[in-house]
Amino acid sequence: MSDSQSASAPLKPKLTQDQIDAMVDLHARFLCGRLGGRRAILQNMDVSGLSFAGKDMRQVDFSGNDMRDMNLSEANFQEARVYACDLSNSDLSNANFLRSDLRGSRIEFANLKDINLNKADLRVGGIAKDGESYGVLDGVNFRGANLSGAKLTGSLAGSADFSDAIMTGVNIMGADLRNANLAGADMSGSKIVGANLLGADMNDAILVDVDLTGMTENDADFSNAITDSNVGSSVDDLEMPLAQMVERHRTWVDTVGKEGEQLDLSGFDMRSLTTLKQEKMTALKAKDSRFLGMNLYKVEMQSAILDGADFRQCDMEEADLRGSSFKGARFNHANVKGANFEPLMFGEGGAGSSRFSPTDFEGASMSYADFSKCKLKSANFKGANLTYANFSGADLREADFTGAILDNVVLEEADTTDAIFERSGPVFQFKDKD
């Protein structure tokens, strides 16, 4: 059962793809004014897992439908009624929702790349039956969705939830986003001039390359938002070339600190480099640095101090990050598949002569990140946000999840032997295997 349906909600009749295709054909005839055509009305049905890809669904009434895990790419939903539907985890890329009614819909963790939501109604909505509400009674839920390149000009999206969504290059000029939740959203390069953001939460949002003319903290909460003014000094502005600093750092590592100098990139904006693919930067210090969207494939950063660093949307697949500290770091939407976060042992053993150093993610934000098949033995996840994080097939033996937010975390085939889970505190709900 979807989170958007309560336990008392009636079961929805399940349709097949053949039934859907027949209905789409009749609706196409209706739109063309051909004999035998019939306007599609598809209310309170279960069409999850099916496809409307490329279909013309203008003016169809989909109210209250279960539309999860569907292929809706390039479909035309212009002026359709998609009221209080659940479209979570569906592909809506390049779909057209011009002037559509999406009030109260749930579109969490979906792909909305290049979607057209111009003049769409994204406000609060819900469905009631026999006087009791069992549908969604909130703004539209876009949490964690990919909305890059979307068009929302003139949309009504008051109280909508865009938290942790990918909204790069989005056009929201003239949109009504009063009281919307944009916390943690990546809005790099977006057009927001003229949007009504009164009361909006933009805490931790990425607003680089965004014209904020006329915007003040009285309009929205910009706490900890990353803007052009605070993103940090560019790594291009270092006192000496980075390659030379890296070489001095390697000497420092090889001589156990006797020669050379430790590389400290704390607070720097690393994005101009675009890639550190397969670089060797053991024992790097880069607290609060910005690695946003960079290629860190197979990078070696063992025993590094990376507290507060921002790795959102980075490619960190198969990286060697053993024994490093990531306290308060951000990994939202990052690809970390197959990376090595195993603990390191320093010293030769014996009382007082060795140190066990597990990887530390305390307080980190890891929502929607892919940690599948990672080596995470003994890792510390205390207080971390792991909402929708994927740990399929990961080694999580002896990991500590005390106080972590585990809503819909994926642990399929993960080894959690002797792991510590606090089940009485934060939300604890594993995502279904299907």
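Here the relative contact order of the chain, from alpha carbon pairs under 8 Å that lie six or more residues apart, stands at 6 percent. Each of Asp315, Asp320 has some number of other Cβ atoms within 10 Å of its Cβ, and from fewest to most they run Asp320, Asp315.
The stretch 162-238 and the stretch 281-350 have Cα centres separated by 26 Å.
Computed on the Cα atoms alone, the convex hull of the chain gives a volume of 156 cubic angstrom per residue. Pairs spanning more than 20 Å between alpha-carbon atoms, out of Lys327/Lys382; Lys337/Lys377; Lys327/Lys375; Lys12/Lys55: Lys12/Lys55.
Across the stretch 190-196, computed HN-Hα scalar couplings (Karplus, 6.51 cos²θ - 1.76 cosθ + 1.60, θ = phi - 60°) run 7, 9, 10, 4, x, 6, 8 Hz from first to last residue, x flagging Gly and Pro. Among residues other than Pro13 with Cβ under 12 Å from its Cβ, the summed charge is 0 (Lys and Arg +1, Asp and Glu -1). Working note: Karplus 6.51/-1.76/1.60 with θ = phi - 60° gives the stretch 254-271 the couplings 5, 9, 6, x, 6, 10, x, 8, 5, 7, 10, 10, 4, x, 7, 8, 8, 4 Hz, where Gly and Pro are set to x.
Normalised by residue count, the stretch 232-434 yields a Cα convex hull volume of 114 Å³ per residue. Taking the fewest neighbouring Cβ atoms within 10 Å as the starting point, the ordered list for Ser365, Ser234 is Ser234, Ser365.
Helix 17-32 and the long axis of the chain differ in direction by around 60°, with both axes built from C-alpha atoms. The 3J(HN,Hα) values that the Karplus relation (6.51, -1.76, 1.60; θ = phi - 60°) gives for the stretch 278-289 are, in residue order, 6, 5, 9, 9, 4, 6, 4, 10, 8, 5, 6, 7 Hz. Gly and Pro appear as x.
Footprinting exposure proxy ranking of Met245, Met187, Met70, fewest other C-beta atoms within 10 angstrom first, gives Met245, Met70, Met187. Once you reduce the stretch 75-104 and the stretch 13-49 to the center of their Cα atoms, the two points are 16 Å from each other. Taken over the C-alpha atoms, the stretch 128-268 has Rg and Dmax values of 21.2, 77 angstrom.
Pairs exceeding a 18 Å alpha-carbon distance, out of Lys151/Lys191; Lys113/Lys191; Lys280/Lys373: Lys280/Lys373.
Summed over qualifying helices (DSSP H, 4 residues or more, each -39500 (n - 2.57)) and divided by its residue number, the chain shows a 222 nm mean residue ellipticity of -2000 deg cm²/dmol.
The numbers here are math on the coordinates, done by the rules we state, and not lab data. Quick caveat: nothing in here was measured; it's all calculated off a predicted structure. Virtual Cβ from ideal backbone geometry, glycine too; neighbours counted across all protein chains shown.
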